Ligand SMILES: Cc1ncc(C[n+]2csc(CCOP(=O)(O)OP(=O)(O)O)c2C)c(N)n1
């Protein structure tokens, strides 16, 4: 098991360095395949670095450990970020990342639960939170100290199943459950279709202990995760405002950042831009 678990003074610079590595892997995967869900991946890289290198109780050498914290990626198409995190922490070989999206690869463009470290299949949107409720209930019944972290998107808040699960989480007082809501403002071909604001107030009204943060600010992410450890008798929701394409200015400005498919020369330019930008970031 990782030894810096729940460290009181996490090394923010080290976590930012991990986030940079995740972004580097994400861009390399997409460049190799010529396409991918890069915008979302770059947007949640900070969150995944904070989870896999600080907050989650997990053992990369024993992914089936019964008392592990569960991380559920509800948006299966964000898999590129999960593959980067799983490789960076040693669950899968770094060399396997080059197979992203290829026929027969374990690293599909959407998650399969046959890949080590993956808890649920996430392709059909809107089901992650409900599955997380079931797991959190089961773990509580078993007396397990494990917690369940469910990533979901702003688009998924337009699905009724998400709010049925939200009601159930509060009803059962699941304080071993943390919803991580990636509000990146996009949905497929453009902006989120339905206005979901005020997002945080909605979760509060549903009975969740709620925080709202800049999802690309490592200090804010770590602080919100820490607060979510408290046993308040309520499930926890963290609303993360993230920037699609974070770390690559051209992608940050791109109007259609849902799925990026560009020519090899453009990928080279995006990678070079990332490396130039990364040099200016602490960590
Ligand atoms: C139930 C379901 N409906 C539709 C889709 C097709 N689909 C794939 S990604 C996507 C956009 C979803 O938006 P969001 O979840 O906010 O993700 P982002 O735009 O950040 O990628 C849609 C509609 C799906 N995968 N599952």
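Values in this text are rule-based calculations from the coordinates and carry no lab data. What you see is a predicted model; the values in this text were computed from it and never measured. In this analysis, Cβ positions are derived from the backbone assuming ideal geometry, glycine residues included, and neighbour counts consider all displayed protein chains.
Brief remarks follow.
- Three-way shape call for the range 106-184 based on the alpha-carbon gyration tensor, with the a/c threshold at 1.5: oblate
- Beta bridges per DSSP with both ends in the range 73-231, % antiparallel, nearest 5: 20
- Rounded, prolate or oblate (a/c below 1.5 giving rounded, otherwise prolate when a/b exceeds b/c) for the range 173-222 by Cα gyration tensor: oblate
- Approximate spin-label separation residue 276-residue 219, in nm, with each point projected 7 Å along Cα-to-Cβ: 2.8
- Gyration tensor (alpha-carbon) shape descriptor, the range 156-283, a/c threshold 1.5: oblate
- Working note: 222 nm ellipticity from helices only, DSSP H runs with n ≥ 4, each -39,500 (n - 2.57), summed and divided by the residues of the chain, gives -12000 deg cm²/dmol to the nearest 500.
- For the range 12-279, the normalised intensity computed at q = 0.08, 0.12, 0.13, 0.15 Å⁻¹ comes to -0.29, -0.66, -0.78, -1.06 (log10 of I(q)/I(0), Debye sum over alpha carbons, equal scatterers, no solvent).
- Per residue, the average separation of C-alpha pairs within less than 8 Å and at least 6 apart gives the range 33-144 a relative contact order of 27 percent.
- Packing-based exposure ordering (other Cβ within 10 Å, fewest first) of 208, 203: 208, 203
- Rounded to the nearest 5, the antiparallel percentage of DSSP beta bridges internal to the chain is 15%.
- Averaging the sequence gap over all C-alpha pairs within less than 8 Å and six or more residues apart, then dividing by the number of residues, gives the chain a relative contact order of 23 percent.
- Exposure proxy order (Cβ contacts within 10 Å, fewest to most) of 98, 79: 98, 79
- By the count of other C-beta atoms within 10 Å, a proxy for reagent exposure, 135, 196 are ordered fewest to most as 196, 135.
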